[in-house]
Amino acid sequence: GVDARLINAVIAVESAHDARAVSPKGAAGLMQLMPDTARRYGVLDRFDPDQNVMGGALNLRDLMQRFDNRLELVLAAYNAGESAVERHGRKIPPYAETLRYVPRVLGRYRALY
């Protein structure tokens, strides 16, 4: 139920389509899943592209429901965490990384139309 173009845009920004990518914070794979997120969605191998994309897509689906399909908030929560978006009054948290991330993904997403 998640637009494939959104998934593609997230992958492009998160990992540049590198299934072996690992962030300094420990996120891994195409959609840069953190260990807790991977466990929540039943991902046993974060480097397996099929499992990683499914886990990331399920996470995006849940964030879409939680944040009323408000794509900016969904992407902010994907990057900074759901609690950060909630703590900041359901607005994009003022974190430099997140403030760069949201427009980058949205730009990629819109370019895929």
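The values are calculated or read from the model by the stated rules, or taken from the named source; none is laboratory data. Computed from a predicted model, the values in this text were never measured in an experiment. All Cβ positions, glycine included, derive from the backbone under ideal geometry; neighbour counts span all protein chains shown. SASA here: full protein model, heavy atoms, side chains in, ligands and nucleic acids out. Shrake-Rupley method; radii C 1.70, N 1.55, O 1.52, S 1.80 Å.
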Total charge of the residues flanking GLY1 in space, meaning their Cβ is under 13 Å from its Cβ, with Lys and Arg +1 and Asp and Glu -1, is -1
Find, among the trypsin sites (Lys or Arg not before Pro) in the range 1-43, those assigned to loop by DSSP (not H, G, I, E, B) with at most 16 other beta-carbon atoms within 10 angstrom. ARG20, LYS25
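On the protein heavy atoms, probe 1.4 angstrom, tell me the percent of accessible surface of the chain carried by carbon and sulfur. Before the final figure, lay out the partial values.
On the way: 3220 of 6200 Å².
Here it works out to 52 percent.
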Note down the magnitude of the dipole of the chain about its Cα centre, charges +1 on Lys and Arg C-beta and -1 on Asp and Glu C-beta and zero elsewhere, to the nearest 20 debye. 320
Can you pull the Kirkwood radius for the range 1-87, inverse mean 1/r over Cα pairs, to one decimal in Å? 12.7
Give me the net charge for the shell around ASP68: Cβ to Cβ below 15 angstrom, other residues only, Lys and Arg +1, Asp and Glu -1. +1
Segments 89-102, 54-67 sorted - mean Cβ within 10 Å per residue, highest first: 54-67, 89-102
Given a 1.4 Å probe, the accessible area of the range 1-109 per residue, as a whole number of Å², is 53
So what's the angle, to the nearest 10 degrees on a 0 to 90 scale, between helix 71-80 and the longest Cα principal axis of the chain? 60
